[in-house]
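The values are calculated or read from the model by the stated rules, or taken from the named source; none is laboratory data. Treat the numbers as computed from the prediction; the structure is a model and nothing was measured. Note that each Cβ is placed from the backbone with ideal geometry, even for glycine, and that neighbours are counted across all protein chains shown. These area figures cover heavy atoms from the full protein model, side chains too; ligands, DNA and RNA do not enter into them. Shrake-Rupley method; radii C 1.70, N 1.55, O 1.52, S 1.80 Å.
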Amino acid sequence: MDDLVNLVTLADGSKIILQDEDDITLSLVSNDKIKDIFQFPCPSGGYGGGSLLLSPSEKYVIFSYFSGESEEGFGLFEIVDYQFKFLYDSDYLYGEDANYGFADNEKILIQTFRTGSWYKENAETDENGDMYYAFGELNLLNLETFSLDRHTILVYPSDDWKEEKTDVGTFLFTDIVNGMLRVEMPWGNEIFQYPLQETLVIKGDMKHFL
């Protein structure tokens, strides 16, 4: 979450403003008048900062936040008649560098974040003695049931893998097409069969899903 956004503008010129110097508040302003204010409770693990993201239809706004101690969370609101309708709060999940996107006509909110560093001392070994890394999580929030399905991504690096080159880069959801969910990873795109398995495994050249 490198570029924090504390103001987003809707198509009609209305603005949603995040203020978090003292309390954490979201304000909806239209025609220079405050239409609604929502005071977000301070997360249980403390608060290191936050950011706003509108859905493509501008029906929803995400307030993503982090502790500064490798924890990420988000609150979800629906915008109804210039009022905030609170829908969901994930509270903190262990991880860093969270990204968010919507899928299936905004029926699903997708969260991605990293959970591990890519250094050999952080690697784990499976029952066959093969080295792998717990890369991150790919989580789906159903906006009809508000159930969060969490999926762990494990990566088995190739023989020519370079740890210093693979630890940086983008990890975010791209799209779902023809039953396949695509994500952008530091080394390129990966595709997973959708609906997802609980654990997602990437092996070999990091270009395909097994």
### Task
Please name all residue pairs, on different chains or six or more residues apart, with Cβ atoms under 9 Å, provided the first residue is in the range 186-203 and is surrounded by 14 or more Cβ atoms within 10 Å (Cβ to Cβ) and the second residue is polar (S, T, N, Q).
PRO186/THR166; PRO186/THR170; TRP187/THR166; LEU200/THR152; LYS203/SER158
### Summary
Counted residues in the range 94-116 being assigned to a strand (DSSP E or B) and open to solvent by 20 Å² or more (accessible area, probe 1.4 Å) come to 7
### Query
Quick one: would you say PHE135 is touching a residue at least 60 places away in the same chain (Cβ under 8 Å), surrounded by 13 or more Cβ atoms within 10 Å (Cβ to Cβ) and farther than 25 Å from ILE16 by Cα?
yes
### Task
Could you check the range 1-46 for strands (runs of 3 or more DSSP E) lying wholly inside it with 1 or more residues that are surrounded by 12 or more Cβ atoms within 10 Å (Cβ to Cβ) and of a type in the set (Phe, Trp, Tyr)?
33-40
### Task
Among what's in the range 49-80 and is open to solvent by 40 Å² or more (accessible area, probe 1.4 Å) and of a type in the set (Asp, Glu), pick the residue that is nearest to ARG150 (Cα to Cα).
GLU71
## Note on the structure
Checked against (1) open to solvent by 70 Å² or more (accessible area, probe 1.4 Å); (2) assigned to a loop (DSSP other than H, G, I, E, B); (3) of a type outside the set (Gly, Ala, Ser); (4) modelled with pLDDT of 95 or more, LYS207 satisfies every condition except (4)
## Note on the structure
Within the range 117-127, restricting to residues that are touching a residue at least 12 places away in the same chain (Cβ under 8 Å), open to solvent by 30 Å² or more (accessible area, probe 1.4 Å) and assigned to a loop (DSSP other than H, G, I, E, B), the one that is nearest to PHE173 (Cα to Cα) is SER117
### Task
Within the range 47-92, work out how many residues are outside any strand (DSSP E or B), more than 18 Å from ASP22 (Cβ to Cβ) and out of contact with any Pro (no Cβ under 9 Å at 6 or more places or on another chain).
10
### Residue within the range 160-177 that is in a loop (DSSP other than H, G, I, E, B), surrounded by fewer than 18 Cβ atoms within 10 Å (Cβ to Cβ), at pLDDT 90 or above and not aliphatic (A, V, I, L, M) present
no
